[in-house]
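Here is the structure we will look at, set down as structure tokens.
The values are calculated or read from the model by the stated rules, or taken from the named source; none is laboratory data. For clarity, every value in this text was computed on a predicted model and none was experimentally measured. In this analysis, Cβ positions are derived from the backbone assuming ideal geometry, glycine residues included, and neighbour counts consider all displayed protein chains.
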Amino acid sequence: MNLKRTLATLGSTAAMTAGLIGFSPSADAAIAGCTDYAIYYSGSTNAWYTKVPTIGPQGTNFCTLRAGASGMQVYHLQDTLNYCYGQDVGGLDGIFGTKTTAALKRVQASLGLDADGVYGPQTRDRLKWHWRNQEGAYNTCTTLYDAGAH
């Protein structure tokens, strides 16, 4: 009996490693909703910063936003969609409504993602976020990875 369990575990681990089993578009439904945001800094001098949706203040960014969500976490996503992608989100109001959903779908499609209108980890990693310098005089757009965010 233990041999069967071990083989099943090894088989599923190998399948996941090989990419045979992965996240489906519905996988985002199982991820908790973003409830707040965290400030991410770039570079060793922390000269640049952006704000990314999270679960709780300074919590994990492994979360989702979808139609009906509201708050500053939505505002910061809207800001990025508007500033970096020129999308009309229906105003920077912190409400994830039909215009924010449509804007996110357009951006997801342009990034080669499943255009489902749900913000989740895949969208987070591909988005170019709106970064500001500490003096507030300069703005730029880049991914969290490219910015070396921490």
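A quick yes/no check of all residues on (1) among the aromatic types (Phe, Trp, Tyr); (2) surrounded by 13 or more Cβ atoms within 10 Å (Cβ to Cβ); (3) part of a loop (DSSP other than H, G, I, E, B); (4) at pLDDT below 95:
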site: Thr80; (1), (2), (3), (4): no, yes, no, no
site: Val89; (1), (2), (3), (4): no, yes, yes, no
site: Ala103; (1), (2), (3), (4): no, yes, no, no
site: Asp125; (1), (2), (3), (4): no, yes, no, no
site: Asp146; (1), (2), (3), (4): no, no, no, yes
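Assessment of the range 62-85 against the conditions (on the phi > 0 side of the Ramachandran plot and free of Cβ contacts under 8 Å to residues at least 24 places away in the same chain) yields no matching residue. Give me the residue from the range 103-146 that is of a type in the set (Val, Ile, Thr) and within 21 Å of Ile55 (Cβ to Cβ) and, out of that set, nearest to the chain's Cα centre (by Cα). Residue satisfying both the conditions and the ranking: Thr123.
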